[in-house]
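*Asks:* I'd like to ask you about the structure that follows.
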Amino acid sequence: WLLFMVVTLSLYSNECLGGSCRKSSGVEIGEQGALVNDEDKFEDVGGDNLSSDVRQYKTSQLHRWSHAPVVPSIPGSPGEMGKAVHIPSSQEVIMKEKFKLNQFNLMASDIISLNRSLSDVRMNECKDKVYPKLLPSTSIVIVFHNEAWSTLLRTVWSVINRSPRELLKEIILVDDASEREHLGRKLEEHIKKLPVPVHLFRTQKRSGLIRARLLGAKHVKGQVITFLDAHCECTEGWLEPLLARIVENRKTVVCPIIDVISDETFEYVTASDMTWGGFNWKLNFRWYRVPQREMERRNNDRSSPLRTPTMAGGLFSIDKDYFYELGSYDEGMDIWGGENLEMSFRVWQCGGILEIIPCSHVGHVFRDKSPYTFPGGVSKIVLHNAARVAEVWMDEWRDFYYAMNPGARNVPVGDITARRGLREKLKCKSFRWYLENVYPESQMPLEYYYLGDIRNVEIRNCLDTMGRKSGENLGMTYCHNLGGNQVFAYTKRQQIMSDDNCLDSSNRNGPVRLVRCHGMGGNQAWLYDEDKKTIKHLNTGSCLQRPSTNDVNTPLLRPCNNSPGQQWIMESDFKW
Ligand code: UD2
Ligand code: MN
């Protein structure tokens, strides 16, 4: 039994706004110490409660939403207007020490006020937009494990200061079994004094961000759930466009543009509006450039909603009822990872729409490393979560995941019958449909002849990316039969791909390189002759040949001569 201690704290609202007003004063402590068992922990609270449906918010009346910060910041303080903070070199040692606590510059963060100002980063078209006068209210759900005080509270304050009060139902904090003193009583006392209702719930033992979010979502009273990470800063006008879009179509799941708060200086840096979400064979979320196709669909209006194949995962709004209709989250996922792609595939395949709203900007502290523990081991947890995504949603394309991740087969996926049942119940479309209609630019080829290693007949070695990046040479080494760097797909478009790179050559006698796949043929088109076992480079007419000397392991192009050094076997020994 997983036991959760649920502590509701501090409901203080000084004003009665909007139609659905619930007056309360002072501090309300409810359900303190209540123990909720496994079974009803994740009960479906959306269900038939249609009173919260955003459909009732359809209106033609428009409104110019504006609001002043609840607590104005002090001009001239460090980091104001999102500027960088620099720590004097005399304090570098302690700065570096503190960095390790959260994997960001905690000292810089602590110097900046909790309600620092940010500049209005929106493009001009956005500043002129008007939104419906009637918008649903939202509850902000923020989960955290061992978050720093200043980043957590700055997230909260940025919500308070830059959201229209009538749209902000409450802020729900979920402490996922943190071990830091400041997140205990001190936090409980602090949130009581905040000018909007802030509730704090705690998981009794570490449950991971997915189950922590489910706990938070369960207590949501607003019509829309908005999830944020615990180290974010919302900018001017971030909320209205998200809510307005959901009112237009309640099955739209919307994300802001996620800007970058520097982990070194806490400078607020605007991100490009020309990137969208994709993923690679390892099932990592990745940003890629928005294709021309999507720009045309939007009539080249960069301020209009951008349909994205996947979302980063941390920052999005969703109609509360739709969240549950769609199967909330996979509670079989632990700690971190995978839930972002899971929800992305699920939204698209099951009839929803996933968008980035370019008029909404929220900053996030991106880190190079994870600061917290992964009980049971990082790779085991991440592979377990990803396998659940692959097994439930990706049909035969799950092979790419298993082929790319040596060892993934040995990680148990757990019971997935409920999630497969959900897919059935919602009559969700296939992954092929998703690739064809939502993400034709995907790194996962729609049609392919072969997936596996490519072995040279003469020296019995295999092509190997050696983990190198785009622009670097292809390698070759003994065949290990484990997949990973030795897995290639030979596609119907005549590419030989490894993840998002393709074999590429621009010289009839040159080395073969790995270059980001462009899908346009050209230097990336190869013809495999099953009888002759040759791999011919179409542009130059040369053949792929094993490296000529033993100390250089880069495969080359040479005039075709039918020698065994130019013969390749596309047959796999390994199982995925
Ligand atoms: C990204 C997402 C994050 C999540 C993750 C994949 C953004 C900006 N961030 O990674 O939201 O989708 O991908 O899972 O899109 N946390 C817990 N309990 C845990 C571990 C984490 O409560 O056991 C909290 C953590 O304190 C943070 C949130 O979950 O507030 C997200 O974790 P992260 O910041 O480490 O994830 P990030 O930004 O690397
Ligand atoms: Mn984060």
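All of the numbers you see were taken from the coordinates with simple rules; none came from a lab. Quick caveat, the model's predicted, so the values are computed rather than measured. Glycine gets a Cβ as well: all are built from the backbone with ideal geometry, and neighbour counts include every protein chain shown.
*Asks:* For every other residue with a beta carbon closer than 13 angstrom to the beta carbon of Gly510, add +1 if it is Lys or Arg and -1 if Asp or Glu, then tell me the sum.
*Replies:* +2
*Asks:* Local charge sum around Val143 (other residues, Cβ-Cβ under 11 Å, Lys/Arg +1, Asp/Glu -1)?
*Replies:* That sum, taken over residues with Cβ under 11 Å, equals -1.
*Asks:* Just to be sure I follow the rule: in the range 418-539, considering lysines 8 or more places apart or on different chains, how many pairs have Cα atoms under 27 Å apart?
*Replies:* Step by step, the pairs that qualify in the range 418-539 add up to 6.
*Asks:* Short version: ³J(HN,Hα) in whole Hz for each residue of the range 299-309, in order, from phi by Karplus 6.51 cos²θ - 1.76 cosθ + 1.60 (θ = phi - 60°), x for Gly and Pro, what are they?
*Replies:* 6, 6, 8, 6, 8, 8, x, 9, 6, 10, x
*Asks:* 222 nm [θ] for the chain, helices only, -39500 (n - 2.57) per DSSP H run of 4+, per residue, to 500?
*Replies:* So the helix-based figure for the chain works out to -6000 deg cm²/dmol.
*Asks:* Which aspartates and glutamates, on any chain, are close to Lys100 with Cα under 14 Å apart, when same-chain ones fewer than 8 places away are left out?
*Replies:* Lys100 reaches Glu92, Glu147, Asp263, Glu264, Asp368.
*Asks:* Find how many whole Å separate the alpha carbon centroid of the range 228-258 from the alpha carbon centroid of the range 54-98.
*Replies:* Measuring centre to centre over Cα atoms gives 16 Å.
*Asks:* Answer rounded, prolate or oblate for the range 448-569, using the Cα gyration tensor with square roots of eigenvalues a ≥ b ≥ c: rounded when a/c is under 1.5, else prolate when a/b is larger than b/c, else oblate.
*Replies:* It comes out rounded by the Cα gyration axes.
*Asks:* Relative to the longest principal Cα axis of the chain, at what angle does helix 208-218 sit, 0 to 90 degrees, rounded to 10?
*Replies:* 40
*Asks:* Pop the C-beta distance of Ser304 and Ser548 into the FRET formula with R0 = 56 Å and round what comes out to the nearest 0.05.
*Replies:* Result of the calculation: an efficiency of 0.55.
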